[in-house]
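Q: The structure follows.
No value in this document is a laboratory result; all are computed from the given coordinates. Predicted model, so just to flag it, every value in this text is computed and none were measured. Because the Cβ atoms are built from the backbone with ideal geometry, glycine has one as well, and the counts that use them run over all protein chains shown.
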Amino acid sequence: MSAPEQSRAEARCIFCKIFRKESPATEVLRTGDALVFKDTNPQAPTHLLVIPKRHAAHLGEFVDAAGNDEIAELFKLASLAGREYGRDGYRVVVNEGRDGGQTVFHLHLHVLSGRRLTWPPG
């Protein structure tokens, strides 16, 4: 994606707006590179989203562009959130692409907990 296209995508992206505090969210944890907040349409008693500051529509795009520290920070926050808010465990999920259930095209990790999570997930 070219720089102007990237800039336009970031300007329209709801998760970029949440990171910049231009749209409301119930924040749980924040660092310079990532943010954890409550999902507004929870699929479990605890449903948190972990987003990177860097706009990337998909996991592969993020991994290709980000440094190891940014990648580690994202998973570190998912782990911290899961351990703090998960009772007897938690699940971290990335929905990738439309067939994978992705509805917001800014990479995000779902941290689900608060009930027994079954397998297969759906």
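Q: Among all stretches of the chain without exposed trypsin sites (Lys or Arg not before Pro) (DSSP loop, at most 13 other Cβ atoms within 10 Å), which one is longest? Could the numbers behind the result be given before it?
A: Details: sites that count: R20, K21, R87, R115, R116.
After excluding every exposed loop site, the longest remaining stretch is 22-86.
Q: Write out the GluC sites (Glu not before Pro) in the range 44-122 meeting two conditions: DSSP loop, and at most 15 other Cβ atoms within 10 Å of their Cβ.
A: Details: sites: E61, E70, E73, E84, E96; in loops: E96.
Passing both the DSSP loop test and the Cβ count: E96.
Q: Report, in debye and to the nearest 20, how large the dipole of the chain comes out about its Cα centre when Lys and Arg carry +1 and Asp and Glu carry -1 on their Cβ.
A: That gives a dipole near 460 debye.
Q: Further, regarding this structure: Semi-axes, largest first, in whole Å: what does sqrt of 5 times each Cα gyration tensor eigenvalue give for the range 1-95? It would help to have the intermediate numbers written out before the result.
A: Numbers: eigenvalues 111, 49, 26 Å².
Equivalent-ellipsoid dimensions as semi-axes: 24, 16, 11 Å.
Q: Another one. DSSP loop GluC sites (Glu not before Pro) in the range 5-44 with at most 11 other Cβ atoms within 10 Å of their Cβ, which ones? Can you show the working numbers first?
A: Numbers: sites: E5, E10, E22, E27; in loops: E22.
Taking the range 5-44 and a limit of 11 other Cβ atoms within 10 Å, the loop GluC sites (Glu not before Pro) found are E22.
Q: Report, in debye and to the nearest 20, how large the dipole of the range 49-112 comes out about its Cα centre when Lys and Arg carry +1 and Asp and Glu carry -1 on their Cβ.
A: Values: 7 positive and 9 negative charges, 47 e Å.
So the magnitude is around 220 debye.
Q: Here's another thing I want to ask about it. Using only the alpha-carbon atoms, how far is helix 3-12 inclined from the longest principal axis of the chain? Give it as 0 to 90 degrees, nearest 10.
A: Compared with the principal axis, the helix lies near 50 degrees.
Q: Between the helical axis of 68-85 and the dominant principal axis of the chain, each derived from Cα atoms, what acute angle in degrees is found, rounded to the nearest 10?
A: 30
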